[in-house]
Structure formats: structure tokens, C-alpha cells
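J.: Sharing a structure here in C-alpha cells format.
The values are calculated or read from the model by the stated rules, or taken from the named source; none is laboratory data. As the structure is a computational prediction, the values presented were derived from the model and not from experiment. Using ideal geometry, Cβ is built from the backbone for each residue, glycine included, and neighbour counts are taken over all protein chains shown. What goes into the accessible areas is simple: the full protein's heavy atoms, side chains included, and nothing from ligands, DNA or RNA. Shrake-Rupley method; radii C 1.70, N 1.55, O 1.52, S 1.80 Å.
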Amino acid sequence: MKDNHAGKGIRLGAGLFVAAMVTASLIAVFFLGWRVVGLPFAPFDIFDWTTRVLPGRVISIGIGIMVAAIRGLHLGPTAETAKMAEQVMGVIGFFVTGLVVGVILFGVIRAFRGRYAHGLGLGFGMAVGVPVALISHHATQTATTPTIINALWIVAVFLIWGLVLGQSFRPLIQTTGATTLSVQEGSESAASVEVQRIDRRRFLVQLGGATAAITVVGAVVGELAEANRRKVRSAVGATGRWSATHPLPNADAAVKPVPGTRPEFTPLERHYRIDINTIPPAVNEGQWRLNVTGLIEKPLAFTLDELRRYDPLHQFVTLSCISNPVGGDLISTTRWTGVSLQHLLPALRLKPSGSHLKIHAADGFFEVVPIEAIKADERLMLAYAWDGVPLTREHGFPLRIYIPDVHGMKQPKWITAIEVTDHWEPGYWVKRGWDKVARMKSTSVIDVVAMDMTIISGDQGKLIPVGGIAHAGARGISKVELQVDERPWQPAMLRTPLSALTWVIWRYDWPFQPGKHIFTVRCYDGQGAPQIVTEAPPDPSGATGLYSKTQMF
């Protein structure tokens, strides 16, 4: 009995090992095809599909946990780290699923004593490959190749995966089964048992080496191909930027930022990115059209060049993610260029019943904008460039919308179509439980207490500069105040902002006192309304509360 249990343990361990190695190679093959040719990367496609079908509350909780963990553990910039975490979760989830399916296949082949291993492997490969191909078709943002090629690729790779598993499981089952039988027959079979064990080990070592080689080659070659593309994109995107040849409009402002305050104009490489995709959609400019349908006299289709012929609107804008906690880094400022929707409306030739625009994106994201809001504010625009250069793929190429005073969750990127309707309906995130309006809250942050930038003042002695940002959407900032150790609030100096739509840089030169101190900041919007001091999490309407920083001198 003991030997029989040992044989089962060996079989299960060997089956797990084989399933793990072959599934790792499967992922590497998908990765190689994606990076080199542009074929779909199934792990990311499945993850994206899963995030779309899960209940909104589950996704919201997951976002909150992820952001809190990144900030609490100081793992790096929130946007980049969160996107990397999503990608890792996608790969791990795919690997675990492949492992489970592989073990089930192993059990089935073992039940048949190794017979029909090839057929069973192909059957399992087909049973998994077809659903994955269908999911990828509906959710893929990774593929740039034709749909039929994508489907055939996915099914073919899974068929090979199943066949390799079946081929690998059969000798393990037959060998371990024969070993157990030999042990039961008596000591005269000891030599035969040892030979079979050596053969099994040799087989596992060879399989492990082969699959490891495939995995490493796929990962390395795929990453080298992508690194080369990133280098080319970086070189192209670095030329022609508006900020490289123009001073900022407030360059001569009297109030200077405290060294260590975040850049007033966010470099494009550091602009935050939050969206619903592990990989951003790849849109071909030559094939892209902005299709306008619905309650209009006749359907329209604009090319990007046609949109660029309208008088361009340039706006310095601060965007913020509704998931940004107080003091978080999911907020950025740059110069956007596009066409005002107000100026575009006459060309759409709306029917009288048309009251809303439903904006559709390539990744399935959508939002609804009232036409009255467009008529009332020419700042609502379809943006096709930032800092003087075309949008990057990661940030919405070829077209995204800007709506003043609301968070990014209301502003689709990768826009492909506009549908004119006669009613409002909840957008992508509103349907999932987030705030209907998503208006930006007034917020203020301490970026730096510059202990090494002491100012000597004849009247006040030693001063320590303290600086940061304040923002209230399109409402502007009228006042920022700093409190030290629960003493009276003191007014900070405000730097002239880049525009009425951007954050404001503030500074306060604090009279130095040794010891441990708590600095707290608050702001008032342009209408004089105070910042909300009650603490609230980002979900569902945006974070509120005061930001504090403790410093020892």
C-alpha cells in the first residue's frame, strides 16, 4: 500500500511539473508572437475580458487595494506600477488556469492508463483554445493582425499545447504504473524498477530543459523586439515638442516654486495613465475614421486630417484620476491641442431631438455628454495632440475628449465613434457604481519641506520653504493656507497658474523652529468654497480630506 501511494505521489508531482513547464512555454510562444508579429497575447486579453465582466464593486475594491498597496509599500509611480501589476496578474492567472487544466488532463489520461493520450490532448487543447479565441476576439487590445489570423493562431497554439501535454503525460503514466507493478511483483524486479525511474527522471530533465529554453528564448526575443520599438517611438516622440522651444505662459510669475515641488508642466513620459486595458489599443491612423451616427441628417466620417483643419484649440489642462487618493500622483498637467466640440457641432447637422453625444472608444469604453454642455463651453474638445506632438498610443491616439472639471473616468480615449441620442445614460464607470458627475474635488498637497534650502531673513531669521500644488478643476484656486502643529492657519503665496484649468503652485516660507512638526495644507476654490476636510476614499466620488506631512528638524 505504501508503494502504491508513493507511485501516485510521483505521478501527481510529475504531472504538475510537466503542466507547469509546458504552460510556461505556451505563454512564451504567445509573447513572442505578440511582440514580433503583433499576434494576440492571450493572457492579457483574458484579463481584460475578466475585468469587463466582473461586477463593478469587485473592480472598485480591487482598484482601491492596489492603489493603497502601491502607496503604502512605496513601489513607485502609481500609474506605471498599477499597470505592471495588472499585467503580472494576467500572466499568473493564465498560468494557474493552464496548470489546473493540465492536471485535469493528466488525471483523465491516467484514468485511461495512457491510452488515447494524443486524442485527449488535442481535445483539451481545442476545448480551451476556441473559448480563448472568442474572448480574445471581443476583448483584444494586443493584436494588430487580422481577426481570422488571430483566431487560427490561438487555436493552433492551444492544440499544440494539448498535444505536447498528452505526449508528455503518457510515458509518465505508463512508466510509473509499470514501476508500481514491478515493486509489487518482488525483489527480482528491482533492477527493472531502477531503470524505469532513471528513464522517468531523464525524460523530465529533457522536457524541463526544452521547455525552459523555449520560455527563455520567447521572452528574450520578444522583449528585445519591443525594446527596439520603444526606442524608435521615444526618439520620434521627443522631437517637435512645444515645450522644447516655447517658455511657459507664466515663466515670469513673481512666485517661484520651491525646489522639490513637482514639475508645473508634466513631462509627457511622466503623465499618469489609467485605463481599462493591460495594453492600450493599437489604432491605425490610415484606417481610422471618427464615425458619427444617430440623430443626424446623414452619417458622417471624419479623418484625423479633416479634424486638424479646424481652428486648433490649445489648452493647458490638469487631469486627475478619480482613484487618486489625497496627495496621490494620479494627476498631471500638460498642453492639449484639438478641435472644440462647440465648433464641430454645426458640421454634424443634428436632428432637433438630438440631446446627447455618446462617445465610443476602441477599447469598449464609453461616456455620454449633454449637447447643452457643449454649447455652453467651448473648452470641451476632441484632442489629437499634446505638447505639440500627436498623442501616443498609451494616451489615446488618435483622439480623446477633454471635459473641464470632471475626472478622467468621464473622458474616453481612443475615440472611434460618436452617436447622437435623445437621452442620457450611465457611462462605463457610472454603470459600475462610480459617481454620476465625477466632479473634481478641491485638493491641496505638500510636495516638499525644503530643509536644505534655508532662507535668511533679517526680520524673521531662518526660513524653511514649504511648497506644493492645489487644484479645484475648472473652478481655480483663490487661497491656500498652511498650518503647523495646530497653530493658526497662515496664507501661502500663489504662483500664477498656466491657465484657469490647471493646478496652482503654492509656497510658504516657514519661520524655522527646531523639533518635530506636522505641516497641514488646505485650499479654497475660485468661488471661495473651502476644501472638504472630512476624509473619504476615492470610491465612488473622489477622495477628500486634508494632506499632512511630518518633519523632524
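J.: Starting from the Kirkwood radius over alpha-carbon pairs of the range 457-541, derive D by Stokes-Einstein at 25 °C in a medium of 0.890 mPa s and give it in µm² s⁻¹. Could you put the intermediate results ahead of the total?
T.: Values: Rh = 14.2 Å.
Estimated via Stokes-Einstein, D reaches 172 µm²/s.
J.: Expressed as cubic angstrom per residue, what is the convex hull volume of the alpha carbon set of the range 1-148?
T.: On the way: hull volume 23.8 nm³, N = 148.
In the range 1-148, the Cα convex hull volume per residue is 161 Å³.
J.: For the range 277-349, restrict the atom set to alpha-carbon positions and state the Rg and Dmax in Å.
T.: When restricted to Cα atoms, the range 277-349 yields Rg and Dmax of 16.4, 48 Å.
J.: If you roll a 1.4 Å probe over the heavy atoms of the protein chains, what accessible area per residue do you get for the range 264-375, in Å²?
T.: Working: 4480 Å² over 112 residues.
Accessible area per residue, the range 264-375: 40 Å².
J.: Tell me the accessible surface of Cys523 in square angstrom (1.4 angstrom probe, heavy atoms of protein chains only), to the nearest ten.
T.: 0
J.: Right, next: Once every Cα of the range 63-138 carries one equal point scatterer and solvent is ignored, give the base-10 log of I(q)/I(0) from the Debye formula at q = 0.23, 0.25 Å⁻¹, two decimals.
T.: The Cα Debye sum returns log10 ratios of -1.01, -1.10.
J.: Oh, and also: Which values of log₁₀ I(q)/I(0), to two decimal places, follow from the Debye formula for the range 233-329 at q = 0.10, 0.20 Å⁻¹ with a uniform point scatterer at every Cα?
T.: -0.50, -1.39
J.: Taking N as the number of residues in the range 322-409, what is its alpha-carbon radius of gyration divided by 2.2 N^0.38 Å?
T.: Numbers: Rg = 14.2 Å, N = 88, 2.2 N^0.38 = 12.1 Å.
That ratio works out to 1.18.
J.: Take the chain, mark every one of the trypsin sites (Lys or Arg not before Pro) that falls in a DSSP loop and has at most 11 other Cβ within 10 Å, then report the longest stretch left between them, sites excluded.
T.: Numbers: sites that count: Arg309, Lys431.
It runs 1-308.
J.: Sticking with this one: Order Val36, Val157 by their accessible area, 1.4 angstrom probe, all chains in place, largest first.
T.: Sorted by accessible area, descending: Val36, Val157.
J.: Using square roots of five times the C-alpha gyration tensor eigenvalues, list the equivalent-ellipsoid semi-axes of the range 392-454 in whole Å, biggest first. Spell out each step's value before the answer.
T.: On the way: eigenvalues 229, 63, 18 Å².
Semi-axis lengths for the range 392-454 are 34, 18, 9 Å.
J.: Ok, one more. Run the numbers for His246 and Thr303: contour at 0.36 nm per residue of separation, minus the present Cα-Cα distance, in nm.
T.: Working: separation 57, 0.36 × 57 = 20.52 nm, distance 2.90 nm.
So the chain would gain 17.6 nm between His246 and Thr303.
J.: Something else about it: With axes computed from alpha carbons, what is the tilt in degrees of helix 190-237 against the longest principal axis of the chain, rounded to the nearest 10 within 0 to 90?
T.: Tilt of helix 190-237: around 30 degrees.
J.: Can I ask one more? What FRET efficiency, computed as 1/(1 + (r/R0)^6) with R0 = 25 Å and r the Cβ-Cβ distance, is obtained for Thr145 and Ala68, rounded to the nearest 0.05? Could the numbers behind the result be given before it?
T.: Details: r = 38 Å, r/R0 = 1.53.
After rounding to 0.05, the efficiency reads 0.05.
J.: Also, quick follow-up: Just the number: Rg to Rh for the range 23-69, Cα atoms, Kirkwood Rh, two decimals.
T.: Numbers: Rg = 14.2 Å, Rh = 12.4 Å.
Expressed as Rg/Rh, it is 1.15.
J.: Here's another thing I want to ask about it. Within the chain, what's the longest stretch lacking GluC sites (Glu not before Pro) that sit in DSSP loops with no more than 15 other Cβ atoms inside 10 Å? Before the final figure, lay out the partial values.
T.: Working: sites that count: Glu285, Glu297, Glu378, Glu486, Glu535.
Result for the longest clean stretch: 1-284.
J.: Right, something else. Plugging the Kirkwood radius over Cα pairs into Stokes-Einstein for the range 79-180, at a temperature of 10 °C and a viscosity of 1.306 mPa s, what D comes out in µm²/s?
T.: Numbers: Rh = 15.1 Å.
Approximately 105 µm²/s, per Stokes-Einstein.
J.: Once the principal axes of the Cα atoms of the chain are found, what is the range along each, listed largest first in whole angstroms?
T.: Per principal axis, max minus min of the Cα coordinates gives 101, 71, 41 Å.
J.: When only Cα pairs under 8 Å and 6 or more residues apart are kept, what is the percent relative contact order across the chain? Display every interim value, and only then the final one.
T.: Numbers: 1057 pairs, mean separation 75.8, N = 553.
Result for the chain is 14 percent.
J.: Leaving ligands, DNA and RNA out of it, rank Val445, Val91, Val53 by accessible area with a 1.4 Å probe, largest first. Intermediate values should be presented prior to the final figure.
T.: Details: Val445 5, Val91 45, Val53 85 Å².
Result, largest first: Val53, Val91, Val445.
J.: On to the next question. Taking a probe of 1.4 Å, how large is the accessible area per residue of the range 428-553, in Å²? Provide the component values of the computation, followed by the final result.
T.: On the way: 5760 Å² over 126 residues.
Counting only protein heavy atoms, the per-residue value for the range 428-553 is 46 Å².
J.: Ordering Leu248, Leu482 from largest to smallest accessible area (1.4 angstrom probe), what's the sequence?
T.: On the way: Leu248 45, Leu482 5 Å².
Sorted descending by solvent-accessible area, the residues read Leu248, Leu482.
J.: Please determine, in degrees from 0 to 90 and to the nearest 10, the orientation of helix 147-185 with respect to the longest principal axis defined by the Cα atoms of the chain, where the helix direction is its Cα long axis.
T.: 40
J.: Consider just the alpha-carbon atoms of the range 32-102 and return their Rg together with their Dmax, both in angstrom.
T.: According to the Cα coordinates of the range 32-102, Rg and Dmax are 14.0, 39 Å.
J.: I've got another one for you. Which whole-number percent is the relative contact order of the range 424-491 (Cα, under 8 Å, 6+ apart)?
T.: On the way: 68 pairs, mean separation 17.3, N = 68.
Answer for the range 424-491 is 25 percent.
J.: What whole-number value in Å² describes the accessible area per residue of the range 94-138 for a 1.4 Å probe?
T.: With the other protein chains kept in place, the range 94-138 gives 52 Å² per residue.
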